[in-house]
Structure formats: C-alpha cells, structure tokens
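Have a look at the structure below before the remarks.
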Amino acid sequence: MSFKVPSNTNQPVIIWLITCTDGVQGRLLGIAGGRQPSRSVAAGRCPGLPGGSMAAREAGGVVLGKAAEKLFSLSGLFAVYKPKGPTSAGVLNLLKERLLAEAGVRTNGNKRNQVLKIGHGGTLDSAAEGVLVIGIGKGTKMLGSMLAGSKKYTAIGLLGKATDTLDATGKVTEEKPYDQITKGDLENVLQKFTGDIMQVPPLYSALKKDGERLSTLMKRGEAVEAKPARPVRVYSLSLQQFQPPLFTLDVECGGGFYVRSLVSDIGKELSTCATMQELTRTKHGPFTLEEHALHEDKWTIDEIAQSLEHCTSLLPGEPSHKKLKTEHPGETAVSCEDK
C-alpha cells in the first residue's frame, strides 16, 4: 500500500498505522502534516471492536488484549495429563487451541507462522496415559536438557499373548501357555532387566528409516527390519501385582527405553509370550502425575500461570539452555521420544 504525501508542507508527516483484531491490517487512521491523532487513535482504540481497547503488543498480525498479553508472557515448563486415545501431538494441539481461543487470538492457518511457541517433551503412545511435559515460550528450549533424566511408569502386562505392536492395540501374532509361571519366576526374571541392558526397539515406533517413522512404514505393509539392540538403563524394576495372566510392573528408566519391549522380552525369558495392556507415565524428570499434571478442565491461562510458578522450584537456577536450538522461530516445537 502506498500513500501520496503532500509536498507543500515543511512540517513532519506522521502516518498512523494500526492493526486491529477484526482482521483488518494496516488500516490508515490518520495522515497529516504534523497533526496529532484523534483521541480514540491516541488511546489505541480500533473501530468496531467491543470496548475499543487495544494492547500495544502484536503477534501474528493480531493486536493482543489483556488475556493474550498474559498468554504470550508465559514462559517455562509445566505438565498436563495425557489421557488414553489421543496422540501426544493431538493433546498439544488441543491445549494450544484452548489457550488461543481463551485469549481471543485467531491464526491465519499458516503452519510456518504460528503465534504461540509451545511444545512437548517425550512422546507417549496414543494408548498410554500420564505425565506429558509442556514447554511454553522460552521453556521450549529447556525440554531436551530438563527431561533427560529418569522416567517412571506403571505397566500392566498380559502373559500368553503377543501382538505385532507389543501392546493391546495390535493384532495377536502368537499364543502360548503360561500356567506354569509363578510369582517367584517373574520376580527372578526381572533382575535380568535391571541396570544397563541392551534392548531392541519395537517396529511400531517413532524411530525413522529414510525420513519416515517405522510405524508408518509398517502400517503401509512395507518390509521393515528391526533396529539393532541399543544400550538402555533401568534404574529400578519391581513387581507390584501378579494375578495370572496379568502382572503389574513399576519401572524407572532412562531415555530411549520402551516399556512395550520390556514386557515382550519378559515373556520370552519366561518361555512364553507377553504383551503390554496398559501404560501410565507417573513421572518425567521432576514432574509427577499426582502433583504437577493439569487435567483438561484446568487448561486455562491462569491455571497454567500458577503451575509455571509452582514448577519454578523444580528448575535449576541458571541452566545452560541457550545453546539448545528449537524449531523455526514461531513454530510449535515438539520433542519426540516414543515410549
């Protein structure tokens, strides 16, 4: 857009260009040689908007109100509860939509120009539930280093059946008897899976081949070779309950560990087979399911602000996160580490 400026004036020309939340960008509200804007313009009011109030800050071409100002000022790490069913990315997208809607911010649909920087650390399978840690603002840079510590899970395994996905969502590929297995047998086997061990990741996983997830290739029916065994760490592993064919485990492990593979390997070690029925992540880094995870009814700007303040004590004073790189500026940042 161009404007013709009068050439017969020696006074400075002032152009008042305001962006309004009604989607009209670059509306010319005043142009004059040295004249002051009208009172409504000086007060920052946009025509046709309820209340007429306009915040000074903009994001994505939209002027922000008080709620949006608070949302875009949030920075740090907090945790939400991920239920069974949706993917971790789906939960993140829903959270983002809720926050932007509450703030009254509309996006233009351009994925390369997202107005809210938010991401999650550590993917949970869609069938799993539990702690999902979220980074917002500068907190997206902290996800990798803060969540490199241990994770805790409660898993329910099923003896006598194996599936292609190693969990209850897959097709049964094998069935074997399990009546001979005792609680003592199971407890003895667990000792073999504690400490630094080697583990083969499942074929249905977020690991990639030629840029595509193995799970995507498997669903298309393409031939996929298993990834080689890799070193993983199990800090603790205990049997909480044994009611054949079901058994419940508490697991504390390091990064890159697959509980599905653990359950499957336990079945093989017992000369039968097993598949994971349920999985709950109870702790991720310093964030616990019981104390820190916000359920969906608390996905509001104020609740998250309070949670960020509450979780500040969990973070180191001066972490060296500045060296970590995030996604393209303004994009949603996501850290994927399947479990």
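Any read-out appearing in this document is the output of simple, stated calculations on the displayed coordinates, not a laboratory observation. Everything numeric in this text was worked out from a predicted model, so none of it was measured. Ideal geometry is used to build each Cβ from the backbone, glycine not excepted, and the neighbour counts take in all protein chains shown.
Structure values in brief
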quantity	calculated
Linear extension gain, T87 paired with R230, 0.36 nm per residue minus alpha-carbon span	48.9 nm
Peptides 179-188, 273-282 ordered by average Cβ neighbours within 10 Å, highest first	273-282, 179-188
Cross-link pairs beyond the 27 Å C-alpha cut-off, checked among K152/K268; K141/K283; K176/K283; K151/K268; K161/K192	K176/K283
log10 of Debye I(q)/I(0), alpha-carbon scatterers only, for the range 128-190 at 0.16, 0.19, 0.20 Å⁻¹	-0.79, -0.90, -0.94
Packing-based ranking, highest mean first, of 71-79, 166-174, 148-156 given that Cβ atoms within 10 Å are counted	71-79, 148-156, 166-174
Cα→Cβ-extended label distance, 7 Å offset, between E291 and S313, nm	0.8 nm
